[in-house]
Amino acid sequence: MSIPRAARRSPLRIGALALAGTLLAACGSGSGSDAKSDEGAGGQVTLTVDLFGAFGYQEAGLYAEYEQLHPNVEIKQTDTEDEQDYWKSLQTRLAGGGGLADVQGLEVGRIASVTQKQADKFTDLKEYGAASLQNEFAAAKWAAATTKDGKVLGLGTDVGPEAMCYRSDLFKAAGLPTDRTELATKWATWDGYLELGRQYKAKAPAGSTWLDSVGSLNAVMVGQAKERYYDASGALIYENSPAVKSAWEASVKASTDGLSAKLDQWSPPWNQAFSSGSFATMPCPAWMLGYIKGQAGDAAKGKWDVAKLPGGAGNWGGSYLAVPRAAQHKKEAYELVKWLTAPEQQTKLFRKQGNFPSAVKAIGQVADATDPYFSDAPIGRIFGDAAEQAPVQVLGVHDKDIADQIANALSEVERKGTAPETAWANAKKAVKNALG
């Protein structure tokens, strides 16, 4: 799953997992910060959870399981499909102090903003014992949600190691190979991927294109780089970033070659296209598997498959669960967050929804996972290898803002025919406005 605002400071460095040795070796109202039981403890408690996108807790039955274990707890979830809309609403509620849920989801592209600029709005989970959980998470995942003075503002849900999801039935109809290993060889590079796309276009079934959106192509390519929008010193570098430039040029090329379905991600037409066969490939982080299942439905089971990503490993997304200072039931909210992000639940969530774990112990537990919906693809191995090999990324306060404006500019190119040079100039102006 996955997808924040003002003065620049040194960004935290996080990665898909920083697995290299550490991970695989382990094969509303109310305020204040006092760590005591909230009103309602011992009686019936309704915990509110506000999320974006597809976290999968409801779908995987985790809320129901938690309620069985805690008969005095009822969980009510609200969610917003578009993370940009979610974040704007959250900012309004944080500023006003009201209307906040007991648990709020935070996208990884926002976490630096939270730790550096909004720490006073969220509960330090160490007040409820979170310090004892540090070794359960990848070091980089834990560090990203920790402030300079040691406050822990969220627990990691998942990370977003990347692969390529594709419709094997559409490939077959276009005369392309369908074997995931053979495809990984043919599109070992992004040039190879685009060339295969041109071959697909020549014989594609009616109404079908190569990929869903150049925005998804851009996002997944940028996710393969260590430094993207900021460098390790905290300097803003997106205008001259080799990773941003390469991803932009490949995305523009895909658009001008007519390889995209021209669908804005998270829009209603994009959602509908999953079940209509409008596109044959989709760069996908692990959390996207659950989203595809939800949108494509049972009729598409066995038509999708997963292969290694072109151009090497990368990370796109991953989230956190946090407890606002204004939450009504902070202690009970922490207990729920602790349980949802525990290795056992992260393992269940990956096997049922595809969200790749950020908990160290869960990594080894999912290594053998396959998914019948995706043609029994060895998703544990594919995403596990990607997580191990992905670079440790540099995150800055405005990562998500910059990514969103570049995505908007690419949408201009593919949907409105705007010249790439003009669209890039528009993106820079939009980023400047967003950064203030």
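Descriptive notes on the structure:
- If the condition is being among the aliphatic types (A, V, I, L, M) and either within 12 Å of S260 (Cβ to Cβ) or modelled with pLDDT under 95 (or both), then the range 202-218 contributes L211, V214, L217.
- W270, sole failed condition from (1) over 19 Å from the mean Cα position of the chain (by Cα); (2) in a helix (DSSP H, G or I): (1)
- Yes/no for E388 being surrounded by fewer than 20 Cβ atoms within 10 Å (Cβ to Cβ) and at pLDDT below 95: yes
- Residues that are modelled with pLDDT of 95 or more and part of a helix (DSSP H, G or I), drawn from the range 96-107: none
- Residue ID - nearest to G96 (Cα to Cα), chosen from residues in the range 127-139 that are open to solvent by less than 40 Å² (accessible area, probe 1.4 Å) and in contact with an Asp or Glu (Cβ under 9 Å, 6 or more places away or on another chain): Y128
- Within the range 361-385, if we keep just the residues that are small (G, A, S) and open to solvent by 10 Å² or more (accessible area, probe 1.4 Å), the residue that is nearest to Q345 (Cα to Cα) turns out to be G364.
- Flag for A327 being assigned to a loop (DSSP other than H, G, I, E, B) and either open to solvent by less than 30 Å² (accessible area, probe 1.4 Å) or among the β-branched types (V, I, T) (or both): yes
- Whichever residue in the range 391-413 is at pLDDT 95 or above and open to solvent by less than 10 Å² (accessible area, probe 1.4 Å) and, among such residues, is nearest to I111 (Cα to Cα): I402
- Meets criteria (within 18 Å of the chain's Cα centre (by Cα), outside any loop (DSSP other than H, G, I, E, B) and within 27 Å of Q91 (Cα to Cα)) for Y291: yes
- Scanning the range 360-407 for residues that are among the small types (G, A, S), closer than 30 Å to K245 by Cα and assigned to a helix (DSSP H, G or I) yields a total of 5.
- Counted residues, the range 170-196 - those being assigned to a helix (DSSP H, G or I), over 22 Å from G312 (Cβ atoms) and touching a Phe, Trp or Tyr at 6+ places or on another chain (Cβ under 9 Å): 2
- Residue count, the range 296-319 (criterion: assigned to a strand (DSSP E or B) and farther than 14 Å from D371 by Cβ): 5
- When Q199, Q224 are checked against the criterion of being within 30 Å of A112 (Cα to Cα) and either part of a loop (DSSP other than H, G, I, E, B) or modelled with pLDDT of 95 or more (or both), Q224 stands alone in meeting it.
- Verdict on A243 being of a type in the set (A, V, I, L, M) and under 15 Å from E162 (Cβ atoms): yes
- Filtered residues of the range 182-196 (kept if open to solvent by 40 Å² or more (accessible area, probe 1.4 Å) and either at pLDDT below 95 or aliphatic (A, V, I, L, M) (or both)): A188
- There is at least one residue in the range 119-126 that is assigned to a strand (DSSP E or B) and crowded, with 19+ Cβ neighbours inside 10 Å.
This table checks each residue for (1) touching a helix residue (DSSP H, G or I) at 6+ places or on another chain (Cβ under 7 Å); (2) within 22 Å of A273 (Cβ to Cβ).
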| position | (1), (2) |
| --- | --- |
| F171 | no, yes |
| A174 | yes, yes |
| P177 | yes, no |
| T181 | no, no |
| A184 | no, no |
| Y200 | no, yes |
| A204 | no, yes |
| N218 | yes, yes |
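- When residues of the range 239-261 are limited to those that are under 24 Å from D82 (Cα atoms) and touching a strand residue (DSSP E or B) at 6+ places or on another chain (Cβ under 8 Å), the one most open to solvent (accessible area, probe 1.4 Å): A261
The values are calculated or read from the model by the stated rules, or taken from the named source; none is laboratory data. Bear in mind that the values here come from a model prediction, so they are computed numbers and not experimental data. Counting neighbours? That spans all protein chains shown, and the Cβs are built from the backbone with ideal geometry, glycine included. What goes into the accessible areas is simple: the full protein's heavy atoms, side chains included, and nothing from ligands, DNA or RNA. Shrake-Rupley method; radii C 1.70, N 1.55, O 1.52, S 1.80 Å.
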